[in-house]
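Report on the structure given below.
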Amino acid sequence: QEQLVESGGGAVQAGGSLRLSCATSGNILSFDATGWYRQAPGKERELVAVIHSGGSTYVADSVKGRFTISRDDAKNTLYLQMNSLKPEDTAMYYCAAPKGGTGYWGRGTQVTVSS
């Protein structure tokens, strides 16, 4: 059973930065892709950014230019660098990774941005 563990969330003021981490229990390259989703209260979960096993990335338009997804293969860890945070970025952020038809999820880390 694969495990994903997020860390790095917290409370910041608008304009601030945070870096989220997601540690995987196994070889991160064994996943088809690894990515970040977020869910704000009363809203649907949305894809923020994803990095495929080959290294190609996708970043949602809502965070493009502010958020960067990266991966440290040696540490089996996924990152999300979040800069110029806005109050609308407030949400629970989840790490997710599909593998062989199964989707694995972390428990989430809360990000709160105050104005």
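The values are calculated or read from the model by the stated rules, or taken from the named source; none is laboratory data. On a predicted model such as this, the values are computed, not experimentally measured, just so you know. As a convention, Cβ positions derive from the backbone with ideal geometry for all residues, glycine included, and neighbour counts pool all protein chains shown. Each accessible area value is taken on the protein alone, full model and side chains, heavy atoms only, with ligands, DNA and RNA left out. Shrake-Rupley method; radii C 1.70, N 1.55, O 1.52, S 1.80 Å.
Only one of the listed residues (Arg107, Arg38, Arg45) is within 11 Å of the chain's Cα centre (by Cα) and among the basic types (Lys, Arg). That residue is Arg38. Only one of the numbered conditions (1) small (Gly, Ala, Ser); (2) in contact (Cβ under 8 Å) with a residue 60 or more places away in the chain; (3) not in a loop (DSSP other than H, G, I, E, B) is violated by Gly15, and that is (3).
Matching residues to (1) open to solvent by 40 Å² or more (accessible area, probe 1.4 Å); (2) at pLDDT 95 or above; (3) touching a His at 6+ places or on another chain (Cβ under 9 Å):
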position	(1), (2), (3)
Ile28	no, no, no
Asp32	yes, no, yes
Pro41	yes, no, no
Leu47	yes, yes, no
Ala60	no, yes, no
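Given the residues Gly55, Gly65, which is the only one that is open to solvent by less than 50 Å² (accessible area, probe 1.4 Å), at positive phi and in a loop (DSSP other than H, G, I, E, B)?
Values: Gly65 fails: open to solvent by less than 50 Å² (accessible area, probe 1.4 Å).
Result of the check over Gly55, Gly65: Gly55.
Given the criteria in contact with a strand residue (DSSP E or B) (Cβ under 8 Å, 6 or more places away or on another chain), exposed (fewer than 14 other Cβ atoms within 10 Å of the Cβ) and under 16 Å from Val111 (Cβ atoms), does Ser21 qualify? Before you say what the answer is, go through the steps one by one.
Working: in contact with a strand residue (DSSP E or B) (Cβ under 8 Å, 6 or more places away or on another chain): yes; exposed (fewer than 14 other Cβ atoms within 10 Å of the Cβ): no; under 16 Å from Val111 (Cβ atoms): yes.
When the stated conditions are applied, Ser21 does not pass them.
Taken across segment 50-73, residues that are in contact with a Cys (Cβ under 9 Å, 6 or more places away or on another chain) and among the small types (Gly, Ala, Ser) do not occur at all. Yes or no: Val12 surrounded by 14 or more Cβ atoms within 10 Å (Cβ to Cβ) and in contact with a Lys or Arg (Cβ under 9 Å, 6 or more places away or on another chain)? Answer is no for this residue. Would you check which residues across segment 50-66 are more than 14 Å from the chain's Cα centre (by Cα) and under 19 Å from Asn76 (Cα atoms) and list them? Within segment 50-66, Ser53, Gly54, Gly55, Ser56 qualify.
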